[in-house]
Amino acid sequence: MIKLSAAARISLFVAACAVVVYLGALWNRFAMDDVYIVVFNPLIHTPSGIWRAFAHPYWPPEFAGKMYRPLVVMGFALDRLTATAMWFHFVNLLWHAGATVAVAALARRWAGETAALVAGLVFAIHPVHVEAVANVVGRAELMAACFSLLAVYAALERDSVGWTAAALSLGLLSKENAAVVPGLIASAWILGVRPPPPRRRLGAYVATWALVGAAYMIVRWAVLHPYSRTQALAPVFFGASPIAVRLTAVAALADAGRLLVFPLTLRADYSPDERTLVASLVDGRFLLGLAVLAVWAGLLWWVWRRGRRVETLGLTWIAVAYLPVANLLFPTGVLMAERTLYLPSVGLALALGAAATRWPRRRLAGLGALVIALSAVRTVTRVPIWKGDTSVTQSMLEDSPASYRGPARAGAAFQNARDPVRALDAYHHAVVIFDRDPSVFVGAADAAFTLGRPALADSLLARADQLCLRCGDYLRVQARAARFRGDTATAEWLLVRARAWDAR
């Protein structure tokens, strides 16, 4: 009989928990961005996509050619050899289990076996992870987190410059937010979780990070340069001043804090008018976000003053990992998305794991087990939301009733079901809520042309043209949808106008 060590038993247990709560995802299909990045992506449908992924953007060129995540695309191309959605989701579960084991391993090295068990369980079943794990394209978050954790482990526990650089490279090729790895490692050194290396060794780390970063930026620029005019901005930021962007970003910290600590209410969408621009320092939403920031800072100061280094690192980790997507340094493509909290939540798990070693076990064990059980139930019941486009759209309409994206997605669903009358009505509803997203006008133009109303369709495209820098991409996306439903006439009409706009 094989006798496993305590570390191995903890790793197997938390990995099993990470898989069990997501077993329902195996019956999910492709939803939302999965359709464009997996289903409609010709690169993924051929074995050559496995190596050609490194010379192409993450989003296919006809869908604007944004981002550079070749390892994720390569993985999708490998998965596509099975031709089943279940396999895509199964691989996601494996990545999540791997990240969970890595979190538990770091917690065990820094705070012991109790910390490892608690941190691993918190990370395994946290409901905020559902979007990243249960939606296929969430794999970018899973892979970037796994490689980031490996890079941190290699630097702090193995003092390996080479393995740290390799893991950082793989993380960056999975998703851009792996760029926080040097900040996470430096935080651990500064806070004394692990002593910093000698000066010459530290110089080697910094030099390799700089080389990896420079090489990544050069390759990324070379691949994405042809698509540099593509607009990648959250709709809420359209036309907003830099100050309003930052005020809105601070207000969004209230959502981030709530989702990490009390994720009862989950949303697939945080678009206008579910979340709107903040333009005043006395806006209640800004003040609430500021209060969340103050609470975090107060906790950080409190644990630091008491010498609780791992808890301090955990709270610092949350901030460092969240900063690239917080819209504070620069505006991004989303104001808030639950998937972006996957790597930041590692800090919460580490902090809670370390804190649990000081709690009276008999008094709090039952309460902790109850919280874990309730979180697991919330995760299990949320997973089916990502079953397909229809379920996600219904979730948007129910969970984010003020958002324009629910009606807009309903319009697309009606159009795909060859019901252009209801599609046009749904798009009209979306425009009434928010009239600055060009894709909505393009979708409405598709429905209008299908109904035999070319004048209305042209006027809708004119509205779209006023809102974006490269509207031809929106038209090509809509043309692909039209062709997919068998409407070649509308697809050709859209492509003719796209070519005309590109030639201007």
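The values are calculated or read from the model by the stated rules, or taken from the named source; none is laboratory data. In this text the structure is predicted, and so the values were computed from the model without any measurement. Backbone-built Cβ (ideal geometry, glycine too); neighbour counts: all protein chains shown. Surface accessibility is based on the protein's heavy atoms, side chains included, excluding ligands, DNA and RNA. Shrake-Rupley method; radii C 1.70, N 1.55, O 1.52, S 1.80 Å.
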task: Evaluate the following for R267: is it charged (D, E, K, R) and open to solvent by 50 Å² or more (accessible area, probe 1.4 Å)?
output: no
query: So, of the residues in the range 157-176 that are in contact (Cβ under 8 Å) with a residue 40 or more places away in the chain and over 16 Å from A210 (Cα atoms), which turns out to be most open to solvent (accessible area, probe 1.4 Å)?
result: D159
message: Can you pull out every residue in the range 408-427 that is closer than 23 Å to D473 by Cβ and surrounded by fewer than 18 Cβ atoms within 10 Å (Cβ to Cβ)?
response: A413, N416
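If only one of G203, G239 is on the phi > 0 side of the Ramachandran plot and either modelled with pLDDT under 95 or of a type in the set (G, A, S) (or both), which one is it?
Result: G239 is the single residue among G203, G239 that is on the phi > 0 side of the Ramachandran plot and either modelled with pLDDT under 95 or of a type in the set (G, A, S) (or both).
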task: Please specify each residue of the range 493-504 satisfying the condition of being of a type in the set (D, E, K, R) and under 14 Å from A445 (Cβ atoms).
output: R497
- prompt: On the given criteria, is A85 of a type in the set (G, A, S), open to solvent by 10 Å² or more (accessible area, probe 1.4 Å) and under 15 Å from V136 (Cβ atoms)?
  reply: yes
task: Hey, can you tell me all the residues within the range 65-82 that are at pLDDT below 90, open to solvent by 10 Å² or more (accessible area, probe 1.4 Å) and within 30 Å of G472 (Cβ to Cβ)?
output: K66
- prompt: What single numbered condition from (1) modelled with pLDDT of 95 or more; (2) open to solvent by 50 Å² or more (accessible area, probe 1.4 Å) fails to hold for A319?
  reply: (2)
task: Give the residue, chosen from R246, R285, that is closer than 30 Å to R382 by Cβ, part of a helix (DSSP H, G or I), open to solvent by 70 Å² or more (accessible area, probe 1.4 Å) and modelled with pLDDT of 95 or more.
output: R285
query: If only one of G347, G368 is more than 24 Å from the chain's Cα centre (by Cα), over 30 Å from F238 (Cβ atoms), of a type outside the set (S, T, Y) and in a helix (DSSP H, G or I), which one is it?
result: G368
message: Cβ-Cβ under 6 Å, sequence separation 6+ or interchain: first residue in the range 189-212 and within 20 Å of W317 (Cα to Cα), partner assigned to a loop (DSSP other than H, G, I, E, B). Which pairs?
response: W189/P196
query: For A279, are the conditions met, namely being among the small types (G, A, S), open to solvent by 50 Å² or more (accessible area, probe 1.4 Å) and in contact (Cβ under 8 Å) with a residue 12 or more places away in the chain?
result: yes
task: Output yes when any residue across the range 257-270 is of a type in the set (V, I, T) and assigned to a helix (DSSP H, G or I), and no when none is.
output: yes
message: I'd like to verify a number: residues in the range 1-44 that are surrounded by 21 or more Cβ atoms within 10 Å (Cβ to Cβ) and either in contact with a strand residue (DSSP E or B) (Cβ under 8 Å, 6 or more places away or on another chain) or free of Cβ contacts under 8 Å to residues at least 40 places away in the same chain (or both), how many?
response: 3
statement: Quick count over the range 317-356, residues being without any contact (Cβ under 8 Å) to a residue 60 or more places away in the chain and out of contact with any Gly (no Cβ under 6 Å at 6 or more places or on another chain), is 4
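From the list A444, A481, A412, exactly one residue is of a type in the set (G, A, S) and free of Cβ contacts under 8 Å to residues at least 60 places away in the same chain. Which is it?
A444
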- request: Evaluate the range 231-251: report whether one residue or more is in contact with a His (Cβ under 9 Å, 6 or more places away or on another chain), over 22 Å from V161 (Cα atoms) and among the hydrophobic types (A, V, I, L, M, F, W, C).
  value: no
task: Inspect all residues belonging to the range 95-105 and state whether any of them is closer than 18 Å to L23 by Cα, open to solvent by 10 Å² or more (accessible area, probe 1.4 Å), among the hydrophobic types (A, V, I, L, M, F, W, C) and free of Cβ contacts under 8 Å to residues at least 60 places away in the same chain.
output: yes
field: Leading residue by the ranking (farthest from the chain's Cα centre (by Cα)) among those in the range 422-459 that are of a type in the set (A, V, I, L, M) and more than 25 Å from R275 (Cα to Cα)
entry: A455
query: Where residues in the range 186-229 are in a helix (DSSP H, G or I) and of a type in the set (S, T, N, Q), which of them is most open to solvent (accessible area, probe 1.4 Å)?
result: T208
message: Can you say whether L233 is of a type in the set (A, V, I, L, M, F, W, C), part of a loop (DSSP other than H, G, I, E, B), within 30 Å of D435 (Cα to Cα) and open to solvent by 20 Å² or more (accessible area, probe 1.4 Å), as far as the supplied structure shows?
response: yes
task: Give the range 431-446 a look and list any residue that's under 20 Å from F63 (Cβ atoms) and either assigned to a helix (DSSP H, G or I) or among the aromatic types (F, W, Y) (or both), or say none.
output: P438, S439, V440, F441, V442, G443, A444, A445, D446
- request: Looking only at the range 455-467, decide whether some residue is in contact (Cβ under 8 Å) with a residue 60 or more places away in the chain and within 17 Å of W501 (Cβ to Cβ).
  value: yes
